[in-house]
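Just so it is clear, none of the values below were taken in a lab; they were calculated from the coordinates. Because the structure is predicted, anything quoted here is derived from the model rather than measured. Backbone-built Cβ (ideal geometry, glycine too); neighbour counts: all protein chains shown.
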Amino acid sequence: MKLFKIPALGFALFFAIPASLAASRPNVLLVMTDDQGFGDAGFQGNPVLKTPHLDNLARSGVRFTDFLASPTCSPSRASLMTGRHEFRSGVTHTIEGRNLLRLGVSTMAGAFSSAGYRTGIFGKWHLGDPRPFHPLDRGFQHALLVGGGATGQTPDFWGNTMFDPHLQEGGKWKPFQGYMTDIFVDEALKWIRAEKQPWLCYLPLNAPHVPLQIADEWVKPYRDAGLPENLAKFYGMITNLDSALGRMLAGLTKDGLDRETIVIFLSDNGTALGGAPRPGDFNGGLRGTKGSAFQGGVRIPAVFSWPGHFPANRTVATLSSLCDVLPTLAQACGLDLAGFPTPDGRSLLPILLAGEQPPDWQDRILPTHVARWSSNTSVDKLPFLNASVRNQRHSLVNGEKLYDLESDPGQSHDISKSHPEVRDNLRKAHLKWWESVRDAALTPQPFPIGLLGTGAVELTCMDWQPSRAMPEPLPAGLWEQEHIREWTAGRKISGVDGACGGWLVEAETPGRYLIEMRQRPHGAQELASFAKGFAELEIAGKKHRVEISADSNTVQLRVELTPGLYFLEPLIYGQRASGKPQGAYFCRILPELPHNP
């Protein structure tokens, strides 16, 4: 037997672990689906949705019924990769450059790689597309990716759909045949089988996130059951991913790897479609959906399976979160986290080995924050703006409304007035946490340019920060390729006929930089020409201007920069009937320096 110390919030718990487990180096299959909420699986009690393979997985291991994520995509992924609340690594949103995992932050992939594991990611990263934010720069040795946060977003391959997509492999776009979810799972299994070295396979599938694109054979059973079309497609995408994961798990069993592999199944936030009073819709009795501070926005399905080590068919109600996954795997796989900052999570291994909560397990405080605040929101309002804080029994929402989750899991009865001491204690804990993360959460991470070895940096309007040159608001839908098509065709969206924004960049090397602006990404086969006009850029105390001919699809500017921070906001005139400028939807920055590859 060997004693292990579990990092936790304010205390240390020691537990004994069998010597055979302490010496093992299990493989890890870490599956995270996208927008699949608490009730979006058969094993979670959904009366309509069919997920037989996930149901079998849940029966094979330990299922947590009170497991929390962040309310949205990128923040949850940052928490999973670092073992800390996402705000500590600067991830507060999915757009505006607020999804960039801060440089220098240690990751799960790095820890596994340092321990001699092969590391691969297959699916959605959503913590920064350009280098040095790319997963190949953050500890992964192999990466097969969709761009941005979903198919058809601006960082994705232009014109991509879920069918026969282009995916980014090793940093380069490559065509594939088939359905995207199937491709990710099948390519992951090929990678697993390529070598016998122990591996971490991170499988963050981008289903069932929109666009709801799925073959009719998967949709028909739910459509025939009378479900609304979007819900039928949503469920069809989940049934498809269930089938694909079934192939993966069967492959591991066939290869004799099932007893050598820890399998973890999670989602990244509450359901995108659950919770509404529609026929067949099911949210596990929880209030709220994705993007909500209520439990329906943050509670997710969570299964941990390791045959021969974790007991089968156990259900645990212990409050847990995505921050716990890295400390848990570090204990189970012998990872060295000495170089990591103290995690916010704690190891769940004693629960997993016993199949139940140990008697000396202590309660904890877990904050969640939607964090989609606007740039003009007062900082004083941020701590309790669309936020919640939990302990095992209670949830305080927006610093005001208190709910007893034991008697009221649907959060319909505010008990703050009858239990003011509980409300005040949770409020104080929440404010203490906010003070510890505020500076990191509010400090934007710039895009490095001119960094040795990175070459050109590709930026898109998905990562625009609000315009500093123009007063108009940032319109919704800025991250979708389809909206770019609408704008460049001169059609208004929600009353907006274009938009402006810019990127915070940090020049790493002095010299001249070439800035290329387009209405389509570099290398896209579908081109879009600018109207006749001109482009302006004010940077480093100088204003640059270049004329644009009517048939141009690329505009180039050259600027001299010294090392430092700059707000890069090119303005393009001549596109809009109003006479107002538009921003550069796609921008490629190439240092014209001797070291440039």
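For the range 447-591, what is the number of Lys pairs with C-alpha distance below 21 angstrom, counting only pairs 8 or more positions apart or on separate chains? Walk me through the numbers before you get to the answer.
Details: 492/532; 492/580; 532/543; 532/580; 543/580.
Number of lysine pairs found: 5.
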- line: Computed over the range 447-591, the relative contact order (Cα-Cα under 8 Å, seq sep at least six) in percent reads 33
query: Counting pairs of alpha carbon atoms under 8 Å apart in space and at least six apart in sequence, what relative contact order in percent does the range 165-248 give?
result: 28
- prompt: Straight-line reach from residue 254: which lysines have Cα under 16 Å away, leaving out those fewer than 8 places along the same chain?
  reply: 190, 196
field: Cβ-based net charge around residue 243, under 13 Å, with every Lys or Arg adding one and every Asp or Glu removing one
entry: -3
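Which is the longest part of the chain that has none of the trypsin sites (Lys or Arg not before Pro) sitting in a DSSP loop with at most 15 other Cβ atoms within 10 Å? Each step should come with its number before you reach the end.
Working: sites that count: 196, 393, 417, 468, 491, 492, 532.
With a cap of 15 other Cβ atoms within 10 Å, the longest stretch comes to 197-392.
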- request: Could you pull out every residue, at least 5 positions away or on a different chain, whose amide H is within less than 5 Å of the one on residue 451? Hs are placed 1.01 Å off N in the peptide plane, and Pro or chain starts have none.
  value: 508
statement: In whole Hz, the Karplus estimates of ³J(HN,Hα) for the range 286-293 (6.51, -1.76, 1.60; θ = phi - 60°; x where Gly or Pro) are 8, 8, x, 10, 3, x, 10, 7
- line: For residue 536, placing the label point 7 angstrom along Cα-to-beta-carbon and taking the range 562-594, residues whose amide nitrogen sits under 15 Å are 569-576, 579-584
field: Relative contact order for the chain, counting Cα pairs under 8 Å that sit 6 or more residues apart, in percent
entry: 17
- prompt: When the scattering of the chain is computed by the Debye formula from its Cα atoms alone, each counted once and equally, what is log10 I(q)/I(0) at q = 0.05, 0.06, 0.07, 0.09 Å⁻¹?
  reply: -0.21, -0.31, -0.43, -0.71
Relative pair counts by distance (%), Cα atoms of the range 366-442, 5 Å bins: 3, 16, 27, 23, 14, 9, 5, 1
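Just to confirm the filter: which GluC sites (Glu not before Pro) across the range 350-425 are DSSP coil and have at most 15 other Cβ within 10 angstrom of their Cβ? All intermediate terms of the calculation are to be shown ahead of the outcome.
Numbers: sites: 356, 400, 406, 421; in loops: 356, 400, 406.
Qualifying residues, ordered by number: 400, 406.
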